[in-house]
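Scroll down for the structure; my scribbles are underneath it.
The values are calculated or read from the model by the stated rules, or taken from the named source; none is laboratory data. Treat the numbers as computed from the prediction; the structure is a model and nothing was measured. Cβ placement follows ideal geometry from the backbone for every residue including glycine, while neighbour counts extend to all protein chains displayed.
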Amino acid sequence: MTSSGPVEPISAPPNNNHGERVFLEGPATRSHELWQVLRIAWEFVQGFRALHFVGPCVTVFGSARFDERHPYYGLAREVSAAVSRLGFTIMTGGGPGIMEAANRGARDAGGRSIGCNIVLPQEQKPNPYVDEVVSFHHFFVRKVMLVKYSYGFVVMPGGFGTCDELFEAMTLIQTRKIQSFPVILMGVEYWKDLAELLQKMAEAGTISRADMDLLKITDSVAEAVEHIRYHAIEEFGLHTRREPMPSKILGETTGAAARS
């Protein structure tokens, strides 16, 4: 079931932007670096615990800068609703723009959506359409969560962050660190220059033609959904199953629609 109204974060660690800058500046004392490793490990633990019951997801990437009047917002909302009807949980970065549209689309379809929010200096707040939100300090921890639970990726138009997430997913697929999950670029006109660049890469031999087999560029919601249905459901033999039982000792709760 979906909830109405704002959702309180599962995990909302205190603002630590200064600490992250120090972490990225280079060598520090051994005790300080050990403490940083422990903090990062604890952030992973919090994420794993919070997302244990989300079920297989499709992650939607895209710009935080498109409001609900923009056509891409409407497209993200439509495709996310359609993917949600396949039985997937919609996962996003939990913020505004395309992320909000995707979470909103899942709610339109009566599905479930998760937000993996990033703590930023400008205090990005979770959008009101997520059913659960987990907050992270480090982008790399957040990216692990967005990939770990996903059986496919829908990439809407976006900027540096969106491209970073797209190529992270493609690199992991290319190097077989994760399975060959489908990746869909929504917006033919927006991504046409990137498509040409990828073609040049294949011609130069820096990527193989096979690396692009699961990458689909389209404006069609129906094509996107069919691509996900075939490559993420049929190829992996997903079927409805009972949810894993939560642990009372760990204080776990559940509610995810699960597939396995």
Review point. Given the structure, is PHE236 of a type in the set (Phe, Trp, Tyr) and modelled with pLDDT of 90 or more?
Key: no
Review point. Which members of segment 141-175 meet the condition of being over 26 Å from LEU197 (Cα atoms) and either in contact with a Leu (Cβ under 8 Å, 6 or more places away or on another chain) or surrounded by fewer than 17 Cβ atoms within 10 Å (Cβ to Cβ) (or both)?
Key: MET145, LYS148, TYR149
Study note, to complete from the structure: Residue hits (segment 38-50; aliphatic (A, V, I, L, M) and modelled with pLDDT of 90 or more) are LEU38, ILE40, ALA41, VAL45
Review point. So is THR254 among the β-branched types (Val, Ile, Thr), at pLDDT below 95 and in a loop (DSSP other than H, G, I, E, B) or not?
Key: yes
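Can you find, within segment 64-110, the residue that is surrounded by the fewest Cβ atoms within 10 Å (Cβ to Cβ) among those that are among the basic types (Lys, Arg) and part of a helix (DSSP H, G or I)?
ARG85
Restricting to segment 111-128, and then to whatever is of a type in the set (S, T, N, Q) and touching a strand residue (DSSP E or B) at 6+ places or on another chain (Cβ under 6 Å), can you tell me which residue is surrounded by the most Cβ atoms within 10 Å (Cβ to Cβ)? Outline the logic, then answer.
At the first step, the residues of segment 111-128 found to be of a type in the set (S, T, N, Q) are 113, 117, 122, 124, 127.
Of the ones still in play, those that are also touching a strand residue (DSSP E or B) at 6+ places or on another chain (Cβ under 6 Å) are 113, 117.
On the way: SER113: 30, ASN117: 24.
By that ranking, first place goes to SER113.
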